[in-house]
Amino acid sequence: MKTPQKKMLVCRLIAQSSEDTPLCSQRQIAQALDISLGQANQLITSLSEQGLVQHTKGRYLLTVSGQTYLDQFKVDNAIILTAGFGSRFVPFTYDTPKGLLKVNGQPMIERQIEQLHAAGITDITLVVGYLKEKFDYLIDKYGVKLVLNPEYAVKNNFVSVYYALDQLKSTYVLASDHWIKEGIFNPWEPTSWLSCSYYEGPTTEWGITTGAHGRIVRIDTTGEDVWALNGPAYFSKEFSQRFAELIQEAYLNPQADDFYWEDILKDNLEELEIYPNQQAPGNIFEFENLEELRGFDASYRQETDNATMQKIAEVFAVPQDEITGIRPIKEGMTNQSFVFQVKGSEYVFRLPGAGTGDLIDRSSEKRSYELVAPLNIADEIVFFDGDSGIKISRFYQGANVVDADSDTELKRAMELLAKIHQAGIAAEHRFDIAERIDFYEGLAQGINAIHFSDYSEVRLKANVLLKLREQLAIPEVLCHIDYIYANVLWLPDNGVRVIDWEYSGAADPIIDIAMFSIYSYFPRERADLALTYYLGRTPQRQEEARLYMYIALAGFLWSIWCEYKQGLGEDFGEYPLVQYRYMKDFYRILKDGGYLDEFSIGA
């Protein structure tokens with residue numbers, strides 16, 4: 001560290017001393033700063049000659065000039081990043097953001113806030129996103145400010161810094177999910193720094209390399225026997241000014257969407273001066289998963305009040321600490337799901353997502369599972385609540401989902417679908433796409449969630465196709481409806497499982513081919529190939545018309561579904577736009593290809 005920075009640290013030591021804990025000798029200074037006694041003597045001599053420090057009544061004190069000098073380094077505020085989901089801590093983070101999880105009886109973020117307050121840092125901004133309402137109470141309890149990151153679900157944490165750029169000054173930057181044993185914050189800081197802990201052996205933590213005066217000159221994303229990033233950071237005003245410019249540049253670069261803010265620092269160390277703040281072993285904890293948290297806080301090994309953990313324990317008649325190996329499943333837009341292990345076997349827990357109770361009849365789903373059971377192709381159910389939709393099923397280790405871009409796998413998936421339909425399973429519950437469009441539309445319009453500017457015009461086109469569907473009057477069988485590539489599992493023993501029958505019901509069987517096509521973002525040619533594989537022959541004109549009609553109607557249906565769900569706070573990126581486009585493009589194919597006229601429906 002440079003001499004000016006060491007002088008500031010001496011002044012800070014003196015300022016933080018008191019009559020009860022006086023700073024009396026150069027030896028105390030040397031020990032506190034981990035420098036030689038000779039260096040301490042030189043620093044005190046220099047500060048005294050500058051009129052910044054005086055030795056009075058057996059102790060060192062700052063002069064008025066010394067306090068003015070020290071205040072150049074005063075910390076303005078703190079930013080705590082707390083927008084993310086915390087997927088490694090499901091199911092606890094389904095209803096509690098990771099930063100609000102309690103460690104030793106106190107939410108991690110509250111411990112950080114109190115440590116900042118103890119250092120005199122009371123201007124604190126929380127950047128929130130996931131379950132943002134959960135943080136509102138902290139405004140009243142601690143006087144914090146909340147800033148919303150509306151893109152937390154689609155971009156990495158650098159974007160949280162972006163939304164707080166006007167707060168970036170002489171600033172501490174923290175992540176809400178660190179547990180800090182002893183506070184590392186101060187009213188004054190000499191230079192920008194990154195908190196670092198030492199890791200023995202190989203580590204995936206980001207290791208640092210230092211150069212002259214201890215400045216960080218390189219950051220590597222893996223290392224061995226290294227000091228690595230772990231915990232808060234501090235940015236000086238000068239650092240913040242340039243870093244803010246780099247954050248703004250990254251925000252405009254689509255290739256940076258997956259960046260951590262540390263990525264931007266890592267790539268610009270030549271112009272961003274920053275130093276390590278080396279922490280004692282065990283002072284800062286970042287819990288990577290539930291097992292690490294259980295190892296630190298015994299309360300997570302006992303019977304928690306989490307309803308999901310309680311349900312699993314009840315179903316399997318085990319204590320909660322025997323529920324292990326929890327990891328989230330990212331596929332799917334309707335539910336929250338995760339894998340867990342009990343008694344050496346793995347299972348999937350499905351928790352219905354927001355608004356799902358309005359969208360899906362779970363008793364009908366349960367009935368579908370009962371109807372397909374003789375085929376031995378559905379996922380094996382351990383527990384199913386027909387009211388809530390909570391489901392526990394077997395997890396198929398080593399299974400692969402369909403590669404929709406492979407002709408071989410597409411053919412196999414379509415032949416499997418044909419066998420399911422040929423079983424001719426009759427179901428009293430129907431998947432009536434006209435009724436579903438009306439229903440989802442009512443829900444979405446009820447919360448003013450439909451934002452397509454030409455929706456009224458496109459709705460009229462959907463009505464034309466619904467009339468065509470009525471005229472064709474195709475016999476119905478039990479269909480999966482959600483026959484997506486990710487719901488068809490090829491097992492290691494060459495078996496197959498078709499999972500997640502929640503939308504299933506009696507319908508025209510070609511609707512399943514249409515659903516597979518739009519979920520896979522197929523162009524017309526590949527949808528035609530899927531139909532050919534399904535039929536085992538060249539499709540007839542009426543069969544093509546049915547496929548195109550259902551692609552259009554299903555695209556329309558799911559775009560409305562997305563609008564409703566997004567109105568509840570979820571985000572599906574480009575998906576609703578793609579589905580809406582299917583409606584318009586395939587209506588045009590039907591019209592321009594003569595299908596509407598051929599089947600006596602006027603456009």
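Against the conditions (1) open to solvent by 60 Å² or more (accessible area, probe 1.4 Å); (2) more than 27 Å from the chain's Cα centre (by Cα); (3) not small (Gly, Ala, Ser), where does Asp258 fall short? Just the number, please.
So Asp258 meets the others, but not (2).
Applying the selection to segment 557-603, what residues are open to solvent by 20 Å² or more (accessible area, probe 1.4 Å) and among the basic types (Lys, Arg)?
Arg581, Lys584, Arg588, Lys591
For segment 374-399, name all the residues that are exposed (fewer than 14 other Cβ atoms within 10 Å of the Cβ) and closer than 19 Å to Ala507 by Cα.
Leu375
Please determine whether any residue of segment 53-69 is in a strand (DSSP E or B), touching a residue at least 12 places away in the same chain (Cβ under 8 Å) and hydroxyl-bearing (Ser, Thr, Tyr).
Checked against the condition, which is being in a strand (DSSP E or B), touching a residue at least 12 places away in the same chain (Cβ under 8 Å) and hydroxyl-bearing (Ser, Thr, Tyr), segment 53-69 yields at least one hit.
Please name all residue pairs, on different chains or six or more residues apart, with Cβ atoms under 8 Å, provided the first residue is in segment 411-435 and is part of a helix (DSSP H, G or I) and the second residue is open to solvent by 80 Å² or more (accessible area, probe 1.4 Å) and at pLDDT 95 or above.
none
Kindly evaluate Arg12 against the criterion of being in a helix (DSSP H, G or I), under 30 Å from Gln302 (Cα atoms) and touching a residue at least 60 places away in the same chain (Cβ under 8 Å). Talk me through it step by step, then tell me what you get.
Working: in a helix (DSSP H, G or I): yes; under 30 Å from Gln302 (Cα atoms): no; touching a residue at least 60 places away in the same chain (Cβ under 8 Å): yes.
Spelling it out, it is not the case that Arg12 is in a helix (DSSP H, G or I), under 30 Å from Gln302 (Cα atoms) and touching a residue at least 60 places away in the same chain (Cβ under 8 Å).
In the list Val154, Val144, which residue meets the criterion of being within 25 Å of the chain's Cα centre (by Cα), among the β-branched types (Val, Ile, Thr) and modelled with pLDDT of 95 or more?
Values: Val154 fails: modelled with pLDDT of 95 or more.
So the residue among Val154, Val144 that is within 25 Å of the chain's Cα centre (by Cα), among the β-branched types (Val, Ile, Thr) and modelled with pLDDT of 95 or more is Val144.
Can you tell me which of Thr45, Thr56, Thr68, Thr93 is open to solvent by less than 30 Å² (accessible area, probe 1.4 Å) and of a type in the set (Ser, Thr, Tyr)? Break it down stepwise before answering.
On the way: Thr45 fails: open to solvent by less than 30 Å² (accessible area, probe 1.4 Å); Thr56 fails: open to solvent by less than 30 Å² (accessible area, probe 1.4 Å); Thr68 fails: open to solvent by less than 30 Å² (accessible area, probe 1.4 Å).
Answer to the selection: Thr93.
Asn448 - would you say it is on the phi > 0 side of the Ramachandran plot, open to solvent by 10 Å² or more (accessible area, probe 1.4 Å) and of a type outside the set (A, V, I, L, M, F, W, C)? Steps first, answer last, please.
Working: on the phi > 0 side of the Ramachandran plot: yes; open to solvent by 10 Å² or more (accessible area, probe 1.4 Å): yes; of a type outside the set (A, V, I, L, M, F, W, C): yes.
Judged against the criteria, Asn448 is a match.
Can you find even one residue in segment 545-554 that is open to solvent by 30 Å² or more (accessible area, probe 1.4 Å), over 17 Å from Tyr575 (Cβ atoms), modelled with pLDDT of 95 or more and in contact with a helix residue (DSSP H, G or I) (Cβ under 9 Å, 6 or more places away or on another chain)?
Taking segment 545-554 and keeping what is open to solvent by 30 Å² or more (accessible area, probe 1.4 Å), we get none.
No; the residues of segment 545-554 include none that is open to solvent by 30 Å² or more (accessible area, probe 1.4 Å), over 17 Å from Tyr575 (Cβ atoms), modelled with pLDDT of 95 or more and in contact with a helix residue (DSSP H, G or I) (Cβ under 9 Å, 6 or more places away or on another chain).
Condition check ((1) open to solvent by less than 10 Å² (accessible area, probe 1.4 Å); (2) β-branched (Val, Ile, Thr); (3) under 21 Å from Glu286 (Cβ atoms)) across all residues:
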{"residue": "Lys102", "(1), (2), (3)": "no, no, yes"}
{"residue": "Leu116", "(1), (2), (3)": "yes, no, yes"}
{"residue": "Ile124", "(1), (2), (3)": "yes, yes, yes"}
{"residue": "Val127", "(1), (2), (3)": "yes, yes, yes"}
{"residue": "Leu131", "(1), (2), (3)": "no, no, yes"}
{"residue": "Leu146", "(1), (2), (3)": "no, no, no"}
{"residue": "Pro150", "(1), (2), (3)": "no, no, no"}
{"residue": "Val159", "(1), (2), (3)": "yes, yes, yes"}
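Among the residues of segment 272-282 satisfying the criterion of being farther than 17 Å from Val226 by Cβ and at pLDDT 95 or above, which is surrounded by the fewest Cβ atoms within 10 Å (Cβ to Cβ)?
Start the filter on segment 272-282 by keeping residues that are farther than 17 Å from Val226 by Cβ, which leaves 272-273, 282.
If we keep only those that are at pLDDT 95 or above too, we end up with 272-273.
Details: Leu272: 19, Glu273: 16.
Top of the filtered list is Glu273.
Out of the residues in segment 200-232 meeting the condition of being over 29 Å from the mean Cα position of the chain (by Cα) and not in a strand (DSSP E or B), tell me which one is nearest to Tyr275 (Cα to Cα).
Filtering first and then ranking leaves Arg215.
The values are calculated or read from the model by the stated rules, or taken from the named source; none is laboratory data. Given the structure is predicted, the values throughout are model-derived calculations rather than measurements. Because the Cβ atoms are built from the backbone with ideal geometry, glycine has one as well, and the counts that use them run over all protein chains shown. Keep in mind that these areas ignore ligands, DNA and RNA; they rest on the heavy atoms of the full protein, side chains included. Shrake-Rupley method; radii C 1.70, N 1.55, O 1.52, S 1.80 Å.
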